[in-house]
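**Q** I'd like to ask some things about the structure below.
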Amino acid sequence: ARLEELRQFLAEVARTAPDPGWTEREAAARATYGRALVGLGQLDAARAELARSIARTPTVLALEMLGTIAWKKGDLGGARKHLTAAVALGDDSPADRYARAKLLRLLGDVADEAGDRAAATQARSQALAVWSDLGRLELPPALAGERLVESARLLWGLDRPSDARDLFDAAMDADPDGADTFTQTVTFLLTHDEYDRARDAYYQALASDRI
């Protein structure tokens, strides 16, 4: 019901053509609506709404969602285009660098699937550099764990599995009560045939009183 209200509101905004000050707010609202449609599995409707959003004002959210949809549909070229555009947005604030590092990892994964190993390596190396730089900040345990998990995934993609394993261990030590850190670690290890390490990480999580 709320999504339908938002759809009607956006239709009214488009019809009445309000002052230019509405442009960014309309773009943000359409991006949020598009993300909700993605969550409901309505990918074609989501893609149309997200395209309208970036036609108003390109945002990281809309471009990331468009890139993800294109990837799911096998349009690797489209996915790379949208993700590259998203990476170019933002500034050097910690929040924007955090978002950029995650986008670069996605871009590397898509490039790898497309068979462009050089571009995949470049994107992953750039993401790793951003995460390394963010490590200079005093991060809360959850973010410290996420930073290390993301870095470990990148190292694995850069053919450095031994270093990646070490960082997964470091992530669990940095965020000993973080359910998400352990979930991401165990899931990655299981899907990469690291069954013994996944089992050890699972038992380590069970030892926590807060997971």
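**Q** Using +1 at the Cβ of each Lys and Arg and -1 at the Cβ of each Asp and Glu in the chain, identify which of Trp22, Thr84, Trp156 lies farthest towards the dipole's positive end.
**A** Ranked along the dipole, the leading option is Trp22.
**Q** As I understand it, the dipole of the stretch 106-211 uses +1 on the Cβ of Lys and Arg and -1 on the Cβ of Asp and Glu, about the Cα centre. Which of Ala171, Leu106, Ala142 lies farthest toward its positive end?
**A** With unit charges placed on the Cβ atoms, the residue in question is Leu106.
**Q** Shape call for the stretch 39-83 from the C-alpha gyration tensor, a ≥ b ≥ c root eigenvalues: rounded (a/c under 1.5), prolate (a/b greater than b/c) or oblate?
**A** Oblate shape, in that a/c is at least 1.5 and b/c is the bigger or equal ratio.
**Q** Let me ask something additional. Picking from Gly115, Ala46, Ala127, whose Cα lies most toward the positive end of the charge dipole for the stretch 46-149 (charges on Cβ: Lys, Arg +1; Asp, Glu -1)?
**A** Ala46
**Q** What whole number of Å gives the distance from the Cα centroid of the stretch 31-67 to the Cα centroid of the stretch 73-125?
**A** After rounding, the separation between the Cα centres reads 17 Å.
**Q** So what's the projected area for the chain, the Cα convex hull averaged over all directions, in nm²? Don't skip to the answer; put the middle values down first.
**A** Working: hull surface 54.4 nm².
That works out to 13.6 nm², a quarter of the Cα hull's surface.
**Q** In debye, nearest 20: dipole of the stretch 18-130 around its Cα centre with unit charges on the Cβ of K, R (+) and D, E (-)?
**A** Working: 16 positive and 14 negative charges, 36 e Å.
Its charge dipole is roughly 180 debye.
**Q** Between the stretch 144-158 and the stretch 161-176, what is the separation of their alpha carbon centroids in Å?
**A** Comparing the Cα centres of the stretch 144-158 and the stretch 161-176, I get a distance of 8 Å.
**Q** Then there's this: Report the charge-dipole magnitude of the chain in Debye, nearest 20, computed about the Cα centre from +1 at each Lys and Arg Cβ and -1 at each Asp and Glu Cβ.
**A** I would put it at about 800 debye.
**Q** Another one. Run lengths n ≥ 4 of DSSP H only: what is the helix-derived mean residue ellipticity at 222 nm for the chain, with -39500 (n - 2.57) per run over all residues, to the nearest 500?
**A** That calculation yields -25500 deg cm²/dmol at 222 nm.
**Q** If you filter the stretch 91-145 for trypsin sites (Lys or Arg not before Pro), then keep DSSP loop positions with at most 13 other Cβ within 10 Å, what is left?
**A** The qualifying sites are Arg136.
**Q** Return one whole number: the accessible area per residue of the chain in Å², for a 1.4 Å probe.
**A** For the chain, the solvent-accessible area averages 54 Å² per residue.
**Q** Continuing with the same structure: Which whole-Hz ³J(HN,Hα) couplings does the stretch 47-63 yield from phi under the Karplus relation 6.51 cos²θ - 1.76 cosθ + 1.60, θ = phi - 60°, glycine and proline marked x?
**A** With coefficients 6.51, -1.76 and 1.60, one gets 4, 5, 5, 5, 5, 5, 4, 6, 5, 6, 8, x, 10, 4, 4, 5, 5 Hz.
**Q** Another question, then. Rule-of-thumb check for the stretch 126-211: C-alpha Rg over 2.2 N^0.38 Å?
**A** Dividing the Cα radius of gyration by 2.2 N^0.38 Å gives 1.02.
**Q** Can you send over the carbon and sulfur percentage of the accessible area for the stretch 95-204, probe radius 1.4 Å, protein chains only? Don't skip to the end; give the middle numbers.
**A** Values: 2710 of 5430 Å².
Ligands and nucleic acids excluded, carbon and sulfur give 50 percent.
The values are calculated or read from the model by the stated rules, or taken from the named source; none is laboratory data. As the structure is a computational prediction, the values presented were derived from the model and not from experiment. Glycine gets a Cβ as well: all are built from the backbone with ideal geometry, and neighbour counts include every protein chain shown. With ligands, DNA and RNA removed, areas are computed over all heavy atoms of the protein, side chains included. Shrake-Rupley method; radii C 1.70, N 1.55, O 1.52, S 1.80 Å.
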